[in-house]
1. For segment 114-163, what does the convex hull of the Cα positions come to per residue, in cubic angstrom?
2. I'd like the orientation of helix 337-354 relative to the chain: the angle between its Cα long axis and the longest Cα principal axis, in ° from 0 to 90, rounded to 10.
3. List the trypsin sites (Lys or Arg not before Pro) within segment 263-349 that fall in a DSSP loop (any state other than H, G, I, E or B) and whose Cβ has at most 15 other Cβ atoms within 10 Å.
4. Working from Cα positions, state the angle (0 to 90°, nearest 10) between the long axis of helix 232-243 and the longest principal axis of the chain.
5. So what's Rg/Rh here for segment 161-301, counting alpha carbon atoms and using the Kirkwood radius for Rh?
6. What three numbers, in Å, describe the spread of the alpha carbons of the chain along their principal axes, ordered from the longest?
7. Residue separation times 0.36 nm, minus the C-alpha to C-alpha distance between residue 419 and residue 205: what's the value?
8. Label-point separation (nm) for residue 152 and residue 19, each offset 7 Å from Cα along Cα-to-Cβ?
Amino acid sequence: MRLTKIYKRDGSVVPFDQKKIIQALYKAIAEVAQPNMDLAEQLSDKVIDILENHFPKTIPTVEEIQDIIERVLVGEGHKKVFKAYIIYRQKRKELREKKVRGEVENIPYKTIWQSLVWSLNHQVETIDKLNKYVKDKTLPKLVKAVEAAYEQELIDLCYGIKDRIKEIKLFIICGPSSSGKTTTTERLTKKLEKRGVSFVKLNIDNYFYDTKDNIEDEYGDHDFEGPYALDLPLINQHFEELLKGKTIEVPRYNFETGTRDKKTDKLSKRPEQIILIDSHFGIYPKLTEAVPSNQKYIIYLETLCQLRYKNGQFVRWTDIRMIRRMIRDAQFRAYDPIKTVGHWHYVRQGELKNIIPYIASADHVFNTFLAYELPILKSHIFKFFPKIVKTYQKDSGRQDAYVRAQRVYNLLKQIQTWSDDRIVPKNSILREFIG
């Protein structure tokens, strides 16, 4: 068996145990028919076959395995068992949440709860209720409420930072791909600068190694979604030198050629200035290990979507971010959305391994999901999905991408479209993606 390890939801890597798949299938079968261990084992073997022979040669996540189980059940005609398995999966989720609620965990329950309460108060906690805003043509009203809440969160955050501002030497805004770092960084730092805080920005993207030095898979895709794609020793050397008052030579990275230019840019900081970085991996300890923990302030961003399907399941946060990135890649990076979906397993692997395990170290968790965004995002990307689904359905080696594409396609099918982007403010996070 090639499959030996999996990623848990907290980012940790554990040994793979097929018995757990068999057990879950056995319980689902028993809910709708006579218990049948032989059938459970046969179905689990089909799941393993897909994971080992039609999946990227990377460590899968628990969620990816569960998605494959659902696909096998539907494909083999066990629709009743499929429904029972979904219920089983939801109950396991609720059990996990009850178990860890109130403890220090990698899941920001307080922020999630606040987001859910906001959604309930504004009648936008389900897809049906979101669609009602579109049907009633009251989506602009929701946009104003969402953007006002985001602005207030920035203001509150400024007050929260004020008490620590004298000891902060490094200000970090981080979060997974397409979580809205650029806009949040710009708007927050402007507010802090008006309050007398001065920043000098270090662009971490300039520290990528040349693309040829990164891992390339059988599809010619490069894994640049981990901190190991960055020159960590040089980054930390430059942190030390800046804090000592020295001038550094910042490399210039050319994303078109995938190489560093020969020219560099000089950078120094005044004694009163705070170093600012916004990076996917700002929360990864080794990225900033040269700076003492008490001199860092970390803000973690995530699309903590609290939108539910009719069956009560929540829309996945990562799906929101993938939709955003697909649109941005297509509009601003000349990158085919098909490739974005295929590349997403690298994104998730990097997040699970190098971001999510460290969420508890953040000083503040900021929700960047916009309750109104899906109807607008759909108008930009929905037309691509039939081709994307068809492409990966035929690709026996990329069944992970097929499951992912089909799931997001099904989500967008349920969302009512809003085509007029003029209701989105020019300084909104959404402008990072739709232009």
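1. Details: hull volume 3.1 nm³, N = 50.
Enclosed volume per residue, from the Cα hull, is 63 Å³.
2. Once rounded, the angle reads 70 degrees.
3. Details: sites: 263, 266, 269, 286, 296, 308, 310, 316, 321, 324, 325, 328, 333, 339, 348; in loops: 269, 310, 316, 333.
Here the sparse-neighbourhood loop sites are 310, 333.
4. The angle comes out at about 30 degrees.
5. Details: Rg = 15.6 Å, Rh = 16.0 Å.
Taking Rh as the inverse mean 1/r over Cα pairs, Rg/Rh reads 0.98.
6. So the three principal-axis extents are 73, 51, 43 Å.
7. Values: separation 214, 0.36 × 214 = 77.04 nm, distance 3.33 nm.
Answer, rounded to one decimal: 73.7 nm.
8. Reported label-point gap for residue 152 and residue 19 is 5.2 nm.
Rule-based calculations on the coordinates, nothing more; no lab input. Source: prediction; values computed, not measured. In this analysis, Cβ positions are derived from the backbone assuming ideal geometry, glycine residues included, and neighbour counts consider all displayed protein chains.
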